Ligand SMILES: Nc1ncnc2c1ncn2[C@@H]1O[C@H](COP(=O)(O)OP(=O)(O)OP(=O)(O)O)[C@@H](O)[C@H]1O
Ligand SMILES: [Mg+2]
């Protein structure tokens, strides 16, 4: 039992009336990893996390946490879990420290030293004595993560922890998740619609759309080990011509990322060949590079759509 995986979902399905929010979802989260649960709005992320936490009942399928079935052995399953689902609710007129103390008391008491420790971990130690109603959204979100960490869970479930955060707040949450991972005692399952962000912190990801799992794997599995995307910059006036030239010459479909900026999957040709073709046709190449595919590109390839997620 002790060696059971932190989180296993098997055939998880949720229907709301005639709408299927989550369809036959199975995944396993391994110990000590950061697992990204990715998908656009309405994909079924929150619904899945609610089922994982036993907050709603699956229409079918099951969830096991460290080997314990969430419905049949709820207490044993949930004992080692910390969670943040949607915006955390705090008492606005109490300080950060007092809020954590209160929640700690409600769950049976947590030593002050642990409260200080989690406030330190989320970077709120200096704000511990301030009232929560004066907190920014990012600070509240981090306090929510502190609360989820309070009882030193072995599994942390976070639903869109960067929701509503500015780039600075997003960076802070990213660094926090890295710190938690590097500490090595907590496994993290984190949902997000921010592909580029998740690419930076996750070991493994699942990509969900319309309640179905599109793809699951390690980042290396999904993105490949090699840098195989040629990035090309030309002037905006030349981009369409460059695109059709490259299509013609290499038989591959270049993607216009934004005006003047093209990307092309490398084949037998590389950046030097691309440069040769464009310059040969009188198109000045202003930038040229080679990099690994991004999760965004994988998403576009899988769905055939431009994602509304970045
Ligand atoms: N209580 C409910 N009753 C009816 N339909 C629901 C309910 N909860 C969720 N849904 C539907 O289930 C689908 C998935 O919703 P869910 O909130 O899980 O998506 P999400 O991936 O978390 O999206 P977001 O990125 O917007 O948070 C949506 O179509 C939603 O309308
Ligand atoms: Mg959601």
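Classify the stretch 1-56 from the C-alpha gyration tensor, please: rounded if a/c falls under 1.5, else prolate or oblate depending on whether a/b exceeds b/c. Don't skip to the answer; put the middle values down first.
Values: a/c = 2.47, a/b = 1.73, b/c = 1.43.
Prolate, because a/c is 1.5 or more and a/b exceeds b/c.
Taking the Cα centroid of the stretch 6-22 and of the stretch 27-71, what is the distance between the two, rounded to the nearest whole Å?
9
For the stretch 145-216 and the stretch 88-107, what is the separation of their C-alpha centers, rounded to whole Å?
23
Using mean Cβ contacts within 10 Å as the protection proxy, how do 125-137, 165-177 order, highest first?
Numbers: 125-137: 14.2, 165-177: 17.0.
Peptide ranking by packing, descending: 165-177, 125-137.
Report for the chain the percent antiparallel among DSSP-assigned beta bridges with both residues inside it, nearest 5. Provide the component values of the computation, followed by the final result.
Numbers: 34 of 52 bridges.
The answer is about 65 percent antiparallel.
With no solvent and one point per C-alpha, what does the Debye sum give as log10 I(q)/I(0) for the stretch 7-220 at q = 0.11, 0.16 Å⁻¹?
-0.51, -1.08
Classify the stretch 229-291 from the C-alpha gyration tensor, please: rounded if a/c falls under 1.5, else prolate or oblate depending on whether a/b exceeds b/c. Each step should come with its number before you reach the end.
Values: a/c = 1.31, a/b = 1.19, b/c = 1.10.
It comes out rounded by the Cα gyration axes.
Relative contact order of the stretch 229-291: what whole-number percent is it, with Cα pairs under 8 angstrom and at least 6 residues apart?
Working: 104 pairs, mean separation 30.5, N = 63.
RCO, the stretch 229-291: 48 percent.
Explain nothing, just the number: relative contact order of the stretch 7-220, from Cα pairs under 8 Å at least 6 residues apart, as a whole percent. If you can, show how the numbers build up before the last one.
Values: 407 pairs, mean separation 63.1, N = 214.
Relative CO of the stretch 7-220 lands at 30 percent.
Where a number appears in this text, it was derived from the coordinates with a stated rule and is not lab data. Bear in mind the structure is a predicted one, so any value in this text is a computation, not a measurement. Here the Cβ is made from the backbone with ideal geometry for all residues, glycine too, and neighbour counts use every protein chain on show.
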